[in-house]
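Contents: one structure, followed by commentary.
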Amino acid sequence: MAVKYGAEQVVSRLRDVLKEDGLIFVAAVGSGISAKFSERGGADIIATYSIAKYRMMGFSRVSYLPICDANAITEDLGKNEILPIVRDTPVVAGVFAPNPTLNTQVLLDEYARLGFSGVMNCPTIALLDGWYRQSLEDMGMGYEKEVELTRLAADMGFFTQPFATNSEEAERMVEAGAHMVIAHLGGTVPVDEPEERERQIEESAKKCIVIFEAVKKIKEEVFVAVHGGPFAFPEDVKELKKRIPMLEGFLGGSSAERLPVEGPIRKAVSDFKSIKA
């Protein structure tokens with residue numbers, strides 16, 4: 001069963017990673033086997049949320065459609081698959097805070113009882129835009145709910161690692177007590193064509209710098225990390241680290257549990273099918 005850590009204990013563990021010139025790695029997983037081997041591989045934090053569950057079902061993008069109770073899925077996933085298999089790694093739970101039927105205090109009390117060490121705003125309303133995003137904001141179901149979640153979770157002693165898509169969101173999260181801000185660049189999409197890969201990495205780096213500088217200007221000790229976009233494989237993140245020395249962490253979802261198995265599973269089955277009588 002996973003150990004429940006307080007926020008300062010998690011922060012101390014992450015500081016130790018940086019002292020060794022390492023990069024903080026958060027494995028966002030949607031199954032027990034992914035959690036098990038992410039821990040064995042050395043993940044610094046294991047996160048779980050509804051999107052990860054749907055990813056392992058083969059439908060990661062549908063988690064942003066109104067077809068499930070995201071918080072119920074995360075609670076069930078954590079309780080029955082993730083927390084029982086993890087041993088020493090802090091486990092962070094996603095919360096869909098804008099849910100108008102959610103009693104956040106009650107949910108966080110239950111997360112604490114189950115043994116989660118941290119909380120994050122996932123799924124996040126920040127990935128929505130246009131008139132629909134604005135209508136949700138006008139109804140009081142916007143990003144401020146995620147800021148309030150972060151503030152309450154931090155006050156309760158949880159480690160908090162919220163997503164932010166711009167400097168303004170990042171600033172609000174730091175002021176709410178975030179311990180790590182993760183620049184969310186959208187879904188993870190590997191880029192093979194060299195010129196397009198270079199273009200996307202450069203654009204993403206510029207966006208990250210704006211977010212990271214906003215965080216560090218307010219509170220230097222808050223960790224800064226990135227997720228998604230063209231950063232699918234270790235070499236992609238290495239390239240970003242060269243361009244942004246202040247980068248301290250990376251959250252991998254598809255990078256941790258989807259991309260590493262798609263090819264090998266396909267090849268294993270193909271190899272068996274190649275056996276002839």
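The values are calculated or read from the model by the stated rules, or taken from the named source; none is laboratory data. In this text the structure is predicted, and so the values were computed from the model without any measurement. Because the Cβ atoms are built from the backbone with ideal geometry, glycine has one as well, and the counts that use them run over all protein chains shown.
Summed over segment 128-170, residues that are closer than 23 Å to Ile45 by Cα and not small (Gly, Ala, Ser) total 17. Entry remark, segment 87-118: residues being in contact with a helix residue (DSSP H, G or I) (Cβ under 9 Å, 6 or more places away or on another chain), assigned to a helix (DSSP H, G or I) and over 16 Å from Gly6 (Cβ atoms) number 4 in total. When Thr48, Thr74 are checked against the criterion of being without any contact (Cβ under 8 Å) to a residue 40 or more places away in the chain and among the hydroxyl-bearing types (Ser, Thr, Tyr), Thr74 stands alone in meeting it.
Restricting attention to segment 71-101, the residues being of a type in the set (Lys, Arg) and farther than 22 Å from Val10 by Cβ number 0. Does Ile201 fit the bill of being farther than 20 Å from Ala27 by Cβ, surrounded by 16 or more Cβ atoms within 10 Å (Cβ to Cβ), of a type outside the set (Ser, Thr, Tyr) and without any contact (Cβ under 8 Å) to a residue 40 or more places away in the chain? No: the conditions fail for Ile201. Scanning segment 128-171 for residues that are hydroxyl-bearing (Ser, Thr, Tyr) and surrounded by 18 or more Cβ atoms within 10 Å (Cβ to Cβ) turns up Tyr143, Thr150, Thr160, Thr165, Ser167.
The residues of segment 170-188 that are under 16 Å from the mean Cα position of the chain (by Cα) and in a helix (DSSP H, G or I), listed by number, are Ala170, Met173. Got at least one residue in segment 222-234 being without any contact (Cβ under 8 Å) to a residue 40 or more places away in the chain, part of a helix (DSSP H, G or I) and within 22 Å of the chain's Cα centre (by Cα)? Looking for residues that are without any contact (Cβ under 8 Å) to a residue 40 or more places away in the chain, part of a helix (DSSP H, G or I) and within 22 Å of the chain's Cα centre (by Cα), one finds at least one in segment 222-234, hence yes. Residue pairs whose Cβ atoms lie under 8 Å apart, separated by 6 or more positions or on different chains, with the first residue in segment 184-196 and under 15 Å from Thr124 (Cβ atoms) and the second surrounded by 13 or more Cβ atoms within 10 Å (Cβ to Cβ) and charged (D, E, K, R), are Leu185/Lys207.
Restricting attention to segment 189-221, the residues that are under 17 Å from the mean Cα position of the chain (by Cα) and modelled with pLDDT under 95 total 1.
Out of Ser60, Ser31, Ser50, I need the residue that is over 25 Å from Thr165 (Cα atoms) and buried (at least 18 other Cβ atoms within 10 Å of the Cβ). Which one?
From the options Ser60, Ser31, Ser50, the qualifying one is Ser31.
Within this structure, Asn71 passes the test of being closer than 25 Å to Arg151 by Cα and not basic (Lys, Arg). Of all the listed residues (Val86, Val106), the sole one being loosely packed, with under 15 Cβ neighbours inside 10 Å, over 22 Å from Ala214 (Cα atoms) and of a type in the set (Val, Ile, Thr) is Val106. Going by the structure shown, is Pro264 farther than 16 Å from Val119 by Cβ, free of Cβ contacts under 8 Å to residues at least 60 places away in the same chain and crowded, with 22+ Cβ neighbours inside 10 Å? In short, no. Are any of the residues in segment 110-127 within 18 Å of the chain's Cα centre (by Cα), free of Cβ contacts under 8 Å to residues at least 40 places away in the same chain and surrounded by 12 or more Cβ atoms within 10 Å (Cβ to Cβ)? Yes: one or more hits. Can you confirm whether Gly140 is out of contact with any Lys or Arg (no Cβ under 6 Å at 6 or more places or on another chain) and in a loop (DSSP other than H, G, I, E, B)? For Gly140, the condition - out of contact with any Lys or Arg (no Cβ under 6 Å at 6 or more places or on another chain) and in a loop (DSSP other than H, G, I, E, B) - is met.
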